[in-house]
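Worksheet for the structure shown next.
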Amino acid sequence: MADSSRKKALFILSQLNNDDINWIVQKGKKEVLAPGAILICEGRQIDALYIVLDGILSVSIEARETKELAKIGSGELVGEVSFIDARPPLATVKAIEETHLLAIPRRQLVIKLEHDMGFASRFYYGISLCLADRMRGTIRHIEYGRNIEFEQPELERDEINPSIIENLALAQAKFNWLRENVRA
């Protein structure tokens, strides 16, 4: 998958309570992409935050020549950076195989965040954990590419806080529930 085996949506779900997840299920809409279909086009605004329920997406930069950056699978988050900074995406995301997504409309999510401070706090903390994990994975990838030797014990010391890992286990159950209860 992308930069680690940890599913990015789990970082957000680990922080949300049952009412928050029920709200996401109520407001979200299931979308199905056929193989080759484009979900996000580089440079074009998006109007939703996506959670991959099943399937695989490819993330690529189209600039000079198409270069695949990552593959995204079940349990991953898509569009979170553009959601946070409201700028157009820097990459194109398309389906490699039939992919099922939960689309959370941007407008409704922004309203919820503005009017429910508890939800906002939990949501943004989850996004922060997600982005921090992605950044660490990116840095490790860059360093490995430079042939800098890392000793395994150092990497293990740098792993996630045990209480967050505990929350991620519960988040997997939340994700499974969410996946089963998303409406078409």
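The values are calculated or read from the model by the stated rules, or taken from the named source; none is laboratory data. It should be emphasised that the depicted structure is a prediction, and the values quoted were computed from it without experimental measurement. Every residue, glycine among them, receives a Cβ derived from its backbone with ideal geometry; neighbour counts consider all protein chains shown. Note: areas computed on protein heavy atoms with side chains; ligands, DNA, RNA excluded. Shrake-Rupley method; radii C 1.70, N 1.55, O 1.52, S 1.80 Å.
Could you tell me whether residue 133 is without any contact (Cβ under 8 Å) to a residue 24 or more places away in the chain, open to solvent by less than 60 Å² (accessible area, probe 1.4 Å) and of a type in the set (Asp, Glu)? Against the criterion (without any contact (Cβ under 8 Å) to a residue 24 or more places away in the chain, open to solvent by less than 60 Å² (accessible area, probe 1.4 Å) and of a type in the set (Asp, Glu)), residue 133 does not qualify.
The residues in segment 20-60 that are within 22 Å of residue 84 (Cβ to Cβ) and open to solvent by 60 Å² or more (accessible area, probe 1.4 Å) can be counted, and the count is 7.
Scanning segment 33-83 for residues being among the basic types (Lys, Arg) and in contact (Cβ under 8 Å) with a residue 12 or more places away in the chain gives a total of 2. Looking at residue 145, is it at pLDDT below 95 and out of contact with any strand residue (DSSP E or B) (no Cβ under 9 Å at 6 or more places or on another chain)? Criteria met by residue 145. Number of residues in segment 85-115 that are more than 24 Å from residue 179 (Cα to Cα) and either surrounded by 14 or more Cβ atoms within 10 Å (Cβ to Cβ) or of a type outside the set (Lys, Arg) (or both): the value is 9. Taking the listed residues 87, 6, the one that is at pLDDT below 95 and in contact with a helix residue (DSSP H, G or I) (Cβ under 7 Å, 6 or more places away or on another chain) is 6, with no other qualifying.
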